[in-house]
1. Which condition number does LEU65 fail, the rest of (1) surrounded by 14 or more Cβ atoms within 10 Å (Cβ to Cβ); (2) under 17 Å from the mean Cα position of the chain (by Cα) being met?
2. Could you check how many residues of region 151-171 are without any contact (Cβ under 8 Å) to a residue 24 or more places away in the chain and within 25 Å of VAL102 (Cβ to Cβ)?
3. For residues in region 149-201 being within 21 Å of the chain's Cα centre (by Cα), hydrophobic (A, V, I, L, M, F, W, C) and farther than 18 Å from MET246 by Cα, which is surrounded by the fewest Cβ atoms within 10 Å (Cβ to Cβ)?
4. Return the pairs, sorted by first residue and then second, in which the second residue is surrounded by 12 or more Cβ atoms within 10 Å (Cβ to Cβ) and not hydrophobic (A, V, I, L, M, F, W, C), the first residue lies in region 8-22 and is farther than 14 Å from LYS84 by Cα, the beta carbons are less than 8 Å apart, and the residues are 6+ apart or on different chains.
5. Give, as residue ranges, the helices (runs of 4 or more DSSP H) completely inside region 45-146 that count at least 1 residues that are free of Cβ contacts under 8 Å to residues at least 60 places away in the same chain and closer than 30 Å to GLU193 by Cα.
6. If a residue has to be crowded, with 17+ Cβ neighbours inside 10 Å and on the phi > 0 side of the Ramachandran plot to count, how many in region 1-54 make the cut?
7. From LYS201, LYS187, LYS142, LYS192, grab the single residue that is among the charged types (D, E, K, R) and in contact with a Ser or Thr (Cβ under 8 Å, 6 or more places away or on another chain).
8. Kindly provide the set of residues from region 220-249 that are open to solvent by 40 Å² or more (accessible area, probe 1.4 Å), in contact with a helix residue (DSSP H, G or I) (Cβ under 8 Å, 6 or more places away or on another chain), in a helix (DSSP H, G or I) and not acidic (Asp, Glu), ordered by number.
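The values are calculated or read from the model by the stated rules, or taken from the named source; none is laboratory data. All values reported here derive from a predicted model rather than from experimental measurement. FYI the Cβ positions are ideal-geometry reconstructions off the backbone, even for glycines, and counts take in every protein chain you see. Only protein heavy atoms, including side chains, enter the accessible area calculation; ligands, DNA and RNA are left aside. Shrake-Rupley method; radii C 1.70, N 1.55, O 1.52, S 1.80 Å.
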Amino acid sequence: MISLPLKNIDQFPPSIQDVITEFSNKLLKDLGDNTCAILVYGSAAGVNYIPGVSNINIAVIVKVLDFTVLNQSLSLVKWGRKHKIATPLFFTKEYILGALDVFPIEFSEIKQQHRVVFGEDIFKDLDIPVKDIRLLCEQQVKGKLLRLRQAYLDMGENSNHLKGFVLGTLNDLMPVFRQLIVLKGQKPDEKKEEMLKILAKTFSLDAGPFLAVLHDKNNEFLISSHQVEVHLQDFLSQLEKLSRHMDSL
């Protein structure tokens, strides 16, 4: 395999440097000059990466994205899954620029936390409209509030299923919470626990219910089956308060 010019590899946790290097070199060998950029985003590009637990998220920007590109990448993606690399996102630059209003939170998350392994930094100077971020944040907060209430009615008697749903809800909302902090002119901490405390302070919330769910998700302090309903009630209460703030944001 030829050695190609990669960068920032030493900026990743030591346990995944070789995996990212091998994946990137294999990808460049497969796609060649069609590759504009390879970048790692999410926890592996920040401080929240947990070895053996967290996935490695990779985005690939190519000049031409057709079915051939996807077909060429099949075996590599399969190899990556064995090494905790999530199925990569494939983009063209034109697609990204044309979808800023559709995926403002997702692209803002990548923009704020990524490291380029190869090629140009396409996300660095993206101008993502604030109004689109605010609207999607409102949709996400109010939508999750609606679904949590529905989930309780559907599975309220099954504490394990209900707990899993709440854990998943917090995980989905973390990017939204980060963007809400930014919209209020504050800087979100990379560490999730500190970020939730900043969210609570910024919007006059009680961070406790969110932190309790986060601690359970991280296997630090588990929520017992008979506590799930109480924690859900507290979680809903704070999410309702945050929802009311959205109209004046």
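1. (2)
2. Selection size over region 151-171: 1.
3. Among residues in region 149-201 that are within 21 Å of the chain's Cα centre (by Cα), hydrophobic (A, V, I, L, M, F, W, C) and farther than 18 Å from MET246 by Cα, the one surrounded by the fewest Cβ atoms within 10 Å (Cβ to Cβ) is LEU167.
4. ASN8/ARG115; ILE9/GLN17; ILE9/THR21; ASP10/GLN17; GLN11/ARG115; PHE12/ARG115
5. Values: elements: 67-81, 93-98, 104-112.
Qualifying helices (runs of 4 or more DSSP H): 67-81, 104-112.
6. Summing the residues that are crowded, with 17+ Cβ neighbours inside 10 Å and on the phi > 0 side of the Ramachandran plot in region 1-54 gives 1.
7. Values: LYS201 fails: in contact with a Ser or Thr (Cβ under 8 Å, 6 or more places away or on another chain); LYS187 fails: in contact with a Ser or Thr (Cβ under 8 Å, 6 or more places away or on another chain); LYS192 fails: in contact with a Ser or Thr (Cβ under 8 Å, 6 or more places away or on another chain).
Result: LYS142 is the single residue among LYS201, LYS187, LYS142, LYS192 that is among the charged types (D, E, K, R) and in contact with a Ser or Thr (Cβ under 8 Å, 6 or more places away or on another chain).
8. Passing the criteria: SER225, HIS226, HIS231, SER237.
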